[in-house]
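What follows is a single structure, written as structure tokens, with notes after it.
The values are calculated or read from the model by the stated rules, or taken from the named source; none is laboratory data. Please read all numbers here as calculations on a predicted model, not as lab measurements. Cβ atoms come from the backbone with ideal geometry, glycine included; neighbour counts cover every protein chain shown. Ligands, DNA and RNA are stripped out before the accessible areas are found, and what is left, the full protein with its side chains, is counted by its heavy atoms. Shrake-Rupley method; radii C 1.70, N 1.55, O 1.52, S 1.80 Å.
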Amino acid sequence: MRKAVLLALLLFSACSKKETGKLTWWQFWTDPQTKPLITELVAKFENENPGIKVEVTDLTWADGHEKITVAFSAGQPPDVLELGSDWIYEYASNKLLLDLTPKAESLKKDLLFWQPATLDEKVYAVPWILGARLMFYNFDLLNKAGFADVPVKWDELDKLNKKLAKFRPEIYGFGANASERHRLYKKFLPFLWSAGGEILSEDGKTCLLNSPEGVQALKFYVELCERSLLATQANLDDAFLQGKLASVISGDWLLKKLKNAPPKFGYTTALMPSPDGQLYRRTSFAGGEFLAIPAKSKKKDLAWRFVQFLVRPDNQVYFCKNALIPTPSSVAAQADTFFLSDANYKTFIEQLQLAQSSPPHPHWVEIEQAIEEAVEQAMYKKKSAKEALDDAAAKINALLKS
Amino acid sequence: MAGKNTGYLLPLPWTLTLLLIWIFPLVWSLVLAFADYNLLSGELNWIGLENFRRLLSDPSFQRALWNTFLFVIGTLPFTTLFALLLALALNRPVWGKNFFKASFFIPTITSLVVVALIFTKLYSEGSWLYRFLGQFFNLPSGGFLLSDKTALPSIMIMDIWAAIGYYILLFLVALQNVPQELYEAAKVEGANSWQTFWAVTFPSIKPMLFFIVTLNTIKSFQVFTEVFVMTKGGPLGSTTTAVYFIYEEGLHRFKMGYASAAAYLLFAIIALFSYFLFKSFKSESEVLAPAQTKA
């Protein structure tokens with residue numbers, strides 16, 4: 001009996017024994033084309049820093065959020081963590097992420113898009129790989145509708161949609177997400193911002209969703225959707241690849257698919273349209289992958305060394321080039337000829353400059369849901385655009401006060 | 001080593017597993033049901049029955065319970081009835097019996113996630129099913145899962161299809177255990193097939209029927225995977241079921257206390273249903289007891 005207990009104790013102590021130089025990293029690049037790049041980057045880091053081992057754990061976007069949450073609540077987070085841009089606030093506001101403000105100072109100028117990582121003027125994560133949503137157009141279908149060039153204004157997009165509506169159900173002018181949680185808002189916000197609307201006031205204390213601009217945006221979005229193909233993002237991307245959609249809002253993953261298997265039709269990417277076609281208004285949604293260090297990490301310095309390594313321009317260029325992602329966070333990497341030589345990659349970088357992300361707020365998940373509910377209610381004709389946004393604004397204002 | 005205490009050591013791994021993985025979460029979530037507990041910050045405030053009070057007046061929870069109830073009513077009778085009919089058909093000497101048995105059983109051993117993904121495609125606009133039905137009916141644009149009227153029924157139909165194989169198998173087991181001499185006796189008495197079914201087959205498979213209905217009720221009340229994969233509770237909350245509600249509250253909004261309270265309410269509802277099922281089956285089976293001595 002005593003021996004058994006002793007053995008058990010020994011086993012436990014072996015598990016908890018600190019291994020210096022071992023770093024844990026949770027990341028999301030799991031598809032077979034990009035995972036090897038992660039492995040190579042890790043090997044390179046290990047070569048540059050002898051004696052250090054990086055242990056990589058793969059997460060998926062479908063259940064990563066839950067796994068991270070559980071790890072945090074159990075007090076067992078990894079040393080370095082890749083986060084989606086709109087997850088940073090909830091973890092940061094619960095004091096689970098390391099305040100990187102002094103450390104990040106040296107990186108501030110080299111990297112773009114700190115806004116989603118900044119809460120109360122403190123930096124909690126480092127922008128790594130960014131992503132913007134923009135318009136994809138099918139040239140063949142544009143021509144069929146009598147368009148010589150891509151729509152720049154809202155009513156041009158609407159016209160394209162109307163003209164192609166007569167070919168339904170084979171061909172659609174526009175593809176819209178309907179009722180897809182955590183995705184729908186990313187499709188509506190570009191319209192809101194392009195109209196000059198905002199979600200929250202600058203001080204973050206009032207909801208501005210039901211402003212006249214917001215109502216105008218939702219009205220237009222609902223009208224546009226009436227004649228559009230409604231589907232999930234994956235199905236919309238498929239429909240575009242099959243040549244059934246003249247236009248769709250999507251991200252770099254669709255461009256990657258188009259490059260990997262060039263379709264029979266001509267395609268192009270373009271900035272989001274705006275009500276009056278003015279360039280500065282052609283706003284879109286920007287998301288991205290950020291790197292954070294949990295406050296409970298025992299190897300904060302080593303973790304920071306690894307974060308610095310990952311965002312280094314040469315490593316970003318290497319990763320983005322091979323993964324066919326046009327939007328690294330590093331300014332120097334973006335200036336690489338590889339991205340500048342391709343018109344579509346250039347559009348992504350250009351759109352990124354005109355893009356916003358969701359406002360940093362600890363209650364963002366709930367705000368997001370209120371926005372999506374409003375869009376849904378207007379799309380399904382349960383409420384008018386004004387009523388839906390009024391109700392959402394009331395709900396969000398109550399949240400802001402709590 | 002082999003002392004007199006060694007015996008206690010042997011069941012230790014399993015006992016520990018049971019305590020840690022089953023009993024502890026059960027008790028802990030009951031504790032949390034009476035608290036306001038934020039999973040991320042770890043703050044815990046006692047609020048007594050407040051969670052339950054808030055739940056009962058929360059329109060989205062009421063909606064979730066209603067949807068769950070609709071789901072149970074819409075799947076349970078059909079799954080059971082179809083399974084019984086198909087099992088009766090397969091219990092006879094039909095041509096290609098094993099092929100049909102396997103065909104009906106395949107959905108059961110296929111991962112529900114895979115089934116849900118296939119049906120998501122099937123239900124979307126542009127699928128052959130959508131086009132075929134579109135010739136006769138006025139279908140919602142965007143496919144079946146993007147309309148608040150058809151989303152829940154679509155999931156129910158898929159669920160019936162996916163669950164039926166398992167219950168066919170259970171019914172077949174029960175049917176094959178019906179004593180042959182009872183059928184012979186019925187034949188001698190001149191009973192027609194309808195009478196034989198009610199006097200011999202039905203009473204004999206009744207315990208199995210009870211088992212299937214209870215199991216199916218509990219499973220239907222806990223519907224989650226389908227919703228998670230296919231609709232995420234949308235559109236307009238028309239497919240938000242009780243367990244999906246618990247998941248959203250707990251793991252998306254980190255309101256663990258609120259989610260635990262909802263879970264315990266669901267538990268109470270399922271327990272109540274099971275109790276009534278138990279009672280109704282028991283009182284009848286006492287009357288019919290002699291017929292099922294061997295089953």
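With the condition kept exactly as written, say whether any residue in the stretch A:269-278 is closer than 23 Å to A:GLU156 by Cβ and free of Cβ contacts under 8 Å to residues at least 12 places away in the same chain. Looking through the stretch A:269-278, at least one residue is closer than 23 Å to A:GLU156 by Cβ and free of Cβ contacts under 8 Å to residues at least 12 places away in the same chain. The set of residues from the stretch A:57-74 being open to solvent by 40 Å² or more (accessible area, probe 1.4 Å) and either farther than 16 Å from A:ALA292 by Cβ or within 14 Å of chain B (Cβ to nearest Cβ) (or both) comprises A:ASP58, A:THR60, A:TRP61, A:ALA62, A:ASP63, A:LYS67, A:VAL70, A:SER73, A:ALA74. The one condition from (1) buried (at least 18 other Cβ atoms within 10 Å of the Cβ); (2) assigned to a helix (DSSP H, G or I) that A:LYS256 does not meet is (1). Is it true that B:ASN5 is at the interface with chain A (Cβ under 9 Å from one of its Cβ atoms) and in contact (Cβ under 8 Å) with a residue 12 or more places away in the chain? When the stated conditions are applied, B:ASN5 does not pass them.
Being in contact (Cβ under 8 Å) with a residue 12 or more places away in the chain, more than 18 Å from the chain's Cα centre (by Cα), more than 29 Å from A:ILE68 (Cα to Cα) and surrounded by fewer than 16 Cβ atoms within 10 Å (Cβ to Cβ) is a description that applies to A:ALA343. Do we find a residue being farther than 25 Å from A:PHE339 by Cα and touching a residue at least 60 places away in the same chain (Cβ under 8 Å) anywhere in the stretch A:133-140? Yes; the residues of the stretch A:133-140 include at least one that is farther than 25 Å from A:PHE339 by Cα and touching a residue at least 60 places away in the same chain (Cβ under 8 Å). Taking strands (runs of 3 or more DSSP E) as the structural unit, those lying wholly within the stretch A:52-145 and holding at least 1 residues that are farther than 30 Å from A:PHE174 by Cβ correspond to A:53-58, A:80-84, A:126-132.
If you go through the stretch A:151-165 and pick out every residue that is open to solvent by less than 30 Å² (accessible area, probe 1.4 Å) and either without any contact (Cβ under 8 Å) to a residue 12 or more places away in the chain or outside any helix (DSSP H, G or I) (or both), you end up with 1.
Table: residues versus (1) out of contact with any Leu (no Cβ under 9 Å at 6 or more places or on another chain); (2) of a type in the set (Val, Ile, Thr); (3) closer than 30 Å to B:PRO25 by Cβ.
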site	(1), (2), (3)
A:GLN76	yes, no, yes
A:GLU82	no, no, yes
A:ASP86	yes, no, yes
A:GLU90	no, no, yes
A:LEU96	no, no, yes
A:PRO102	yes, no, no
A:SER106	yes, no, no
A:LYS109	yes, no, no
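For the stretch B:12-43, which residues satisfy the criterion of being open to solvent by less than 60 Å² (accessible area, probe 1.4 Å) and closer than 27 Å to B:HIS252 by Cβ? Correct list: B:PRO25, B:SER29, B:VAL31, B:LEU32, B:ALA33, B:ALA35, B:TYR37, B:ASN38, B:LEU39, B:LEU40, B:SER41, B:GLY42. If you go through the stretch A:279-287 one residue at a time, do you hit one that is surrounded by fewer than 19 Cβ atoms within 10 Å (Cβ to Cβ) and either of a type outside the set (D, E, K, R) or more than 30 Å from A:GLY197 (Cα to Cα) (or both)? Yes, the stretch A:279-287 contains a residue that is surrounded by fewer than 19 Cβ atoms within 10 Å (Cβ to Cβ) and either of a type outside the set (D, E, K, R) or more than 30 Å from A:GLY197 (Cα to Cα) (or both). Only residues that are part of a loop (DSSP other than H, G, I, E, B), in contact (Cβ under 8 Å) with a residue 24 or more places away in the chain and facing chain A (nearest Cβ under 9 Å): list them for the stretch B:130-161, please. Listed by number, the residues that qualify are B:SER147, B:ASP148.
When restricted to residues that are of a type outside the set (Lys, Arg), crowded, with 16+ Cβ neighbours inside 10 Å and assigned to a helix (DSSP H, G or I), the stretch B:186-213 contains 14. Quick check on the stretch A:88-100. Is at least one of its residues more than 14 Å from chain B (Cβ to nearest Cβ) and of a type in the set (Gly, Ala, Ser)? No, every residue in the stretch A:88-100 fails to be more than 14 Å from chain B (Cβ to nearest Cβ) and of a type in the set (Gly, Ala, Ser).
Among residues of the stretch B:121-145 being polar (S, T, N, Q) and within 16 Å of A:TYR172 (Cβ to Cβ), the one that is surrounded by the most Cβ atoms within 10 Å (Cβ to Cβ) is B:SER124.
Checking the stated criteria, B:TYR275 turns out not to satisfy the condition of being over 17 Å from the mean Cα position of the chain (by Cα) and either in a loop (DSSP other than H, G, I, E, B) or at pLDDT below 95 (or both).
Looking at B:GLY233, B:GLY237, just one residue is touching a helix residue (DSSP H, G or I) at 6+ places or on another chain (Cβ under 7 Å), at the interface with chain A (Cβ under 9 Å from one of its Cβ atoms) and under 27 Å from B:TYR166 (Cβ atoms), and that residue is B:GLY233.
Residues satisfying the criterion are present in the stretch B:165-182 (criterion: touching a Pro at 6+ places or on another chain (Cβ under 6 Å), of a type outside the set (A, V, I, L, M, F, W, C) and open to solvent by less than 10 Å² (accessible area, probe 1.4 Å)). Residues in the stretch A:210-220 that are closer than 21 Å to A:ASN177 by Cα and either open to solvent by 30 Å² or more (accessible area, probe 1.4 Å) or modelled with pLDDT under 95 (or both): A:GLN216, A:LYS219. Only one entry of A:ALA385, A:ALA370 meets the criterion of being away from every other protein chain (no Cβ under 14 Å) and open to solvent by less than 30 Å² (accessible area, probe 1.4 Å), and that entry is A:ALA385.
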